[in-house]
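The values are calculated or read from the model by the stated rules, or taken from the named source; none is laboratory data. Everything numeric in this text was worked out from a predicted model, so none of it was measured. In this analysis, Cβ positions are derived from the backbone assuming ideal geometry, glycine residues included, and neighbour counts consider all displayed protein chains. In case anyone asks, the SASA skips ligands and DNA or RNA and just uses the protein heavy atoms, side chains included. Shrake-Rupley method; radii C 1.70, N 1.55, O 1.52, S 1.80 Å.
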Amino acid sequence: MSEPESDRMLEAEPGRHGESGRTPRAGRGRHDDDAPPEAIVAIPLRHPWRNVVAVILVLGLAVFVLDAAQRPDYGWPDVGKYIFDRRISQAAWVTLWLTIYAMIGAIVIGLLLAIMRLSPNPVLKSIAWLYIWIFRGTPVYVQLVFWGIVSLIYPVFTLGIPFTDPWVTIPNEIFTNLFITAVIGLALNEAAYMSEIVRAGLLSVDEGQAEASTALAMSWGQTMRFVVVPQAMKIIIPPTGNEVISMLKTTSLVAAIPLSIDLYGVSRGISAVTFTPVPLLLVASLWYLLFTSVLMVGQHFIEKRFSRGTGRVRTGKEPATPATAPTAGPGEPGAPLGNDFGGKG
Amino acid sequence: MTDAPMVLAERVSKNFGTNKVLRGISLEVDPGEVLCIVGPSGSGKSTFLRCINHLERVDGGRLSVDGQLVGYRQKGDKLYELKLKEAAFQRQEIGMVFQRFNLFPHLTAVENITLAPMRVKGISKAKATARAMELLERVGLGDRGDAYPAHLSGGQQQRVAIARALAMDPKLMLFDEPTSALDPELVGEVLDVMKELAKSGMTMIVVTHEMGFAREVADTLVFMDEGVVVEAGPPREILSNPQHDRTKAFLSKVL
């Protein structure tokens with residue numbers, strides 16, 4: 001006990017200097033003289049192997065890049081030719097919209113499933129569990145193949161009493177539209193993952209928050225909307241960003257439906273004609289990389305926005321701290337002490 | 001009506017499964033009275049407090065606030081559980097302050113205070129903010145309105161929490177060990193706000209371990225143990241001359 005404590009005091013002493021007398025520990029031990037301790041002058045520990053490994057890796061990378069640049073199979077001129085090809089940029093657009101629609105659907109269904117799983121009703125709970133079990137337990141590729149042939153299983157939708165003549169019969173036009181089929185297939189699969197993310201976020205908010213909100217006479221809906229969800233967002237946003245990025249790449253699997261107007265599908269289509277698969281793979285990859293990079297930047301800013309008030313990230317609009325600093329100086333009762341009950345991470 | 005008790009508990013009982021937490025609590029709190037509840041942990045003090053604003057359901061007996069049955073409606077000789085909306089409406093009259101403050105960390109002090117008045121009572125933002133500033137002034141934090149809870153000390157957070165409860169203009173204030181989570185040097189500032197509130201005529205039920213506060217401010221002191229009221233009366237009498245062995249044993253440990 002005495003050993004680590006005196007270590008800590010060595011560090012703490014200079015900072016506390018000046019408000020001596022308020023530090024209860026200062027009176028104990030060898031450090032009660034006011035002179036600041038001497039700074040440590042020492043030769044830092046060397047890490048020669050770090051440098052060796054770094055040099056090897058950089059050299060290896062350089063050799064690979066130089067080699068790839070002049071290897072004809074990569075077809076760099078073709079990459080340049082097709083990267084801004086109209087067909088490719090239109091297909092990139094399709095991929096982007098597939099991602100957006102599928103994620104919106106997934107978030108809405110996922111939120112619903114999360115609330116069902118947290119509800120006290122055992123039937124709702126079990127149905128949500130069953131849904132997640134099925135959609136997380138089977139490959140998304142297989143699911144997409146299934147949605148692709150669902151219009152053969154259900155050629156028409158009917159409304160009426162089962163096993164009697166239906167009142168209304170409408171042809172299945174939803175699953176014959178391959179773009180809509182792709183969105184539905186991707187959204188239903190992703191919803192299972194989103195619901196777990198949302199559920200974790202909702203559960204991360206301290207029970208006391210909902211309790212305080214209830215005690216203030218707010219309804220369940222108001223409590224969720226104004227108290228629980230805004231705090232859960234901090235937990236929900238980062239993995240959701242990952243899911244968006246992951247979804248962007250998963251859209252390439254819509255070939256299973258088969259939908260071939262997306263970025264990967266069109267690249268493959270072109271290369272099937274020109275017999276230049278490698279350059280078109282590179283073209284598609286570059287577009288995917290562009291999108292994921294933009295998404296990563298966006299995610300960074302959204303995360304910053306939702307960590308307001310946690311005490312870790314200080315937002316720009318916070319003049320309160322310097323403005324009130326005089327009243328909260330050390331020694332005064334109003335001093336903001338770092339206490340354990342503030343922002344919980 | 002003026003002489004009717006603010007809180008009337010008749011043989012209130014509450015179970016968590018087979019665990020009987022409250023075994024018939026009977027007591028009365030008059031308007032303007034300050035009642036302090038003391039007792040060892042696990043004695044059911046907090047549970048009783050939470051029953052008063054229906055955060056917990058009462059299982060037996062009768063509990064009413066300002067003449068209204070809490071959580072139920074009586075029709076003939078049958079009791080009907082209140083809808084969530086009706087229960088929320090009852091809670092408007094009852095303010096609650098928690099041991100762990102439970103301020104909303106994503107909102108500033110002012111936003112914490114204005115949220116419920118704006119959303120529940122539909123008060124305009126301007127009016128609610130003006131009232132919030134008034135209340136912050138009252139608890140001595142007029143200059144900290146823009147601060148987030150994480151940038152306030154424990155004592156300041158608890159004072160904001162009191163202001164937040166007061167913003168709903170409650171008739172009754174419940175305090176659940178309001179100073180237990182505070183550093184010792186911050187306890188005083190919270191107790192001062194509570195004393196001022198008591199002086200202003202607020203009806204208060206305070207679960208506390210602060211015997212000094214109870215002696216000075218309470219009109220009635222209740223000692224609870226194992227889900228029953230062991231002893232109740234003027235604080236000076238109970239603190240200086242406890243009648244029951246359990247009270248004596250408890251007081252000898254905390255005084």
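When you look at the Cβ of every residue in B:97-104, what mean number of other chain Cβ atoms sits within 10 Å?
Details: counts 2, 4, 2, 6, 5, 11, 6, 10.
Partner-chain Cβ atoms within 10 Å, mean over residues of B:97-104: 6.
Past 19 Å, Cα to Cα, is the threshold; run B:Lys127/B:Lys195; B:Lys171/B:Lys199; B:Lys83/B:Lys125; B:Lys20/B:Lys83; B:Lys121/B:Lys199 against it and keep the listed order. Write down the numbers at each step before the final one.
Values: B:Lys127/B:Lys195 27 Å; B:Lys171/B:Lys199 14 Å; B:Lys83/B:Lys125 28 Å; B:Lys20/B:Lys83 26 Å; B:Lys121/B:Lys199 27 Å.
Over 19 Å apart, Cα to Cα: B:Lys127/B:Lys195; B:Lys83/B:Lys125; B:Lys20/B:Lys83; B:Lys121/B:Lys199.
Expected output is a single nm value to one decimal: the length gained when fully extending between B:Ser180 and B:Asp192, i.e. 0.36 nm times separation in residues minus the C-alpha distance. What is it?
So the extension gain works out to 2.8 nm.
Taking the dipole about the Cα centre of segment A:97-263, with the C-beta of Lys and Arg at +1 and of Asp and Glu at -1, give me whichever of A:Gly208, A:Leu188, A:Leu253 is farthest to the positive side.
The one lying farthest along the dipole's positive direction is A:Gly208.
Could you sort A:Lys249, B:Lys195 by accessible area so the largest value comes first, with the probe set to 1.4 Å? Please report the intermediate quantities before stating the final value.
Numbers: A:Lys249 110, B:Lys195 50 Å².
Final ranking, largest accessible area leading: A:Lys249, B:Lys195.
Run the 1.4 Å probe and let me know the accessible area of B:His151, rounded to the nearest 10 Å².
30
Rounded to the nearest Å, what's the spacing between the alpha carbon centres of segment A:76-124 and segment B:119-138? Just the number, please.
Segment A:76-124 and segment B:119-138 have Cα centres separated by 43 Å.
Which whole-number value in Å² is the accessible area per residue of the protein assembly as shown, probe 1.4 Å?
55
If you split all Cα-Cα distances of the protein assembly as shown into 20 Å bins from zero, what percentages do you get per bin, shortest first?
15, 35, 30, 17, 3, 0
Given a Förster radius of 51 Å and the C-beta distance between B:Arg62 and B:Ala130 as r, what FRET efficiency does 1/(1 + (r/R0)^6) yield to the nearest 0.05?
0.80
Label-point separation (nm) for B:Ser200 and B:Glu28, each offset 7 Å from Cα along Cα-to-Cβ?
Between B:Ser200 and B:Glu28, the simple spin-label model gives 2.8 nm.
Just give the residues from segment A:210-242 buried by at least 40 square angstrom of accessible area in the all-chains context relative to the isolated chain, probe 1.4 Å, and say none if nothing qualifies.
Buried-area filter returns A:Glu211, A:Ala212, A:Thr214, A:Ala215, A:Leu216, A:Ala217, A:Met218, A:Phe226, A:Gln231.
Partner chain Cβ atoms within 10 Å, averaged over the residues of B:83-95 - can you pull that number for me?
3
Mind giving me the nanometre distance, one decimal, between the label points for B:Asp245 and A:Thr138, set 7 Å out from Cα along Cα→Cβ?
If labels sit at B:Asp245 and A:Thr138, their model points lie 7.0 nm apart.
Please grab the % of Cα pairs in segment B:174-250 that end up more than 14 Å from each other.
63
Any chance you could list the semi-axes, whole Å, largest first, of the equivalent ellipsoid that the Cα gyration tensor gives for segment B:40-144, using √(5λ)?
Details: eigenvalues 195, 70, 23 Å².
Listed largest to smallest, the semi-axes of segment B:40-144 are 31, 19, 11 Å.
Determine the dipole magnitude for the protein assembly as shown: charges of +1 sit on the beta-carbon of Lys and Arg, -1 on that of Asp and Glu, nothing else is charged, the reference point is the Cα centre, and the result goes in debye to the nearest 20.
So the magnitude is around 1520 debye.
Under a 1.4 angstrom probe, counting protein chains only, how are B:Asp30, B:Asp77 ranked by accessible area, largest first?
B:Asp77, B:Asp30
For A:Trp93 and A:Ala39, what is the calculated FRET efficiency with R₀ set at 51 Å and r taken between the beta-carbons, to the nearest 0.05?
0.25
Between A:Asn121 and B:Lys121, with labels modelled 7 Å along Cα→Cβ, what's the label distance in nm to one decimal, could you check?
Here the answer is 3.4 nm between the modelled labels.
So how far, in whole Å, is the C-alpha centre of segment A:242-256 from the one of segment B:174-250?
61
Give the interface area between chains A and B as buried accessible surface, both sides summed, probe 1.4 Å, in Å² to the nearest 100.
Using a 1.4 Å probe, the pair buries roughly 3200 Å².
To the nearest 20 Debye, how big is the dipole of segment A:97-263 about its Cα centre, given +1 on the beta carbon of each Lys and Arg and -1 on that of each Asp and Glu? Display every interim value, and only then the final one.
Details: 7 positive and 9 negative charges, 36 e Å.
Result for segment A:97-263 is approximately 180 debye, rounded to the nearest 20.
Just for the Cα atoms in segment A:97-263, what are the lengths along the principal axes, largest first, rounded to whole Å?
54, 45, 25
In whole percent, and with a 1.4 Å probe on the protein chains, what portion of the accessible area of segment A:53-208 is carbon and sulfur?
Result for segment A:53-208: 73 percent of the exposed heavy-atom area is carbon or sulfur.
Would you mind getting me the FRET efficiency between A:Thr169 and A:Phe146? Use the beta-carbon distance for r and R0 = 25 Å, nearest 0.05.
The calculated FRET efficiency here is 0.60.
Once fully extended, how much extra length lies between A:Glu303 and A:Leu59, figured as 0.36 nm per residue of separation less the alpha-carbon to alpha-carbon distance?
84.2 nm
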